[in-house]
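What follows draws every value from the coordinates through simple rules; no lab data is involved. Note that the structure is predicted; figures quoted are calculated from it, not measured. We place every Cβ from the backbone using ideal geometry, glycine too, and count neighbours over all the protein chains shown.
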Amino acid sequence: MRALNQIECDSKRNQLRSTSFVCLAAMAFFAAVASLNGCGPNKAHQDRSAQRNQSAQSIQASSSAFEHDIDDLHAREDLRLENYSWIDPAESSQRRVRIPIERAMELTVERGLAVAPATQAAQPMTGDSAPTVTAPLTNGFAPTASEQTSAASYYGAR
């Protein structure tokens, strides 16, 4: 009985091996035919890899250019914030100067902020009078339209 089971197992193993061999041979054959036609998975994979590399390089180039632009912007801002410079051109009749931010803060602390002049109330027009309210118009809560309708129907029915 054991010998019979052993023979069956060996037979099944041999069938599995031969089936696996046939599948691998078929895959190798189709891969060879596809590569000869230039449309195999390797060609497509190479094309996709090349596209990815090109896009990655262009992204790196644009991001480094962007970082360079940001660095230039920050350098220009630092120059304006930390140094004295002319705001108006030399030919202008009124020349203004840009001062460093630290000095501007010191001056603001010393002098204080400018206060806007008080404005006068507008004079009433002829015939105008100031409105007077003698009592609150509501208790602060106004009923909705549906509440008003239901209240009217309820009190109207009595």
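Under the combined filter of DSSP loop state and at most 13 neighbouring Cβ atoms within 10 Å, the stretch 57-116 retains these trypsin sites (Lys or Arg not before Pro): Arg95, Arg96.
Provide Thr149, Thr144 in ascending order of the number of other Cβ atoms located within 10 Å of each residue's Cβ, fewest first. Display every interim value, and only then the final one.
Details: Thr149 11, Thr144 8.
Final ranking by Cβ density, sparse to dense: Thr144, Thr149.
Taking 7 Å steps out from each Cα toward its Cβ at Glu102 and Asp78 produces label points 1.4 nm apart. Distant-in-sequence amide contacts of Arg98, defined by a placed amide H-H separation under 5 Å and a gap of 5 or more residues or a different chain, comprise Ser85, Trp86, Ile87. Compared with the direct C-alpha span, the chain from His68 to Ser18 gains 11.7 nm at full extension, assuming 0.36 nm per residue. A full extension of the chain between Gln60 and Gln123 corresponds to an added length of 16.0 nm, given 0.36 nm per residue minus the alpha carbon distance. Phi-derived couplings, Karplus 6.51 cos²θ - 1.76 cosθ + 1.60 at θ = phi - 60°, listed residue by residue for the stretch 66-80: 4, 4, 5, 5, 5, 4, 5, 4, 5, 5, 5, 4, 4, 4, 5 Hz, with x used for Gly and Pro. Computed 3J(HN,Hα) for the stretch 106-113, one whole-Hz value per residue from the Karplus formula 6.51 cos²θ - 1.76 cosθ + 1.60 where θ = phi - 60°, is 4, 5, 5, 5, 5, 8, x, 7, glycine and proline marked x.
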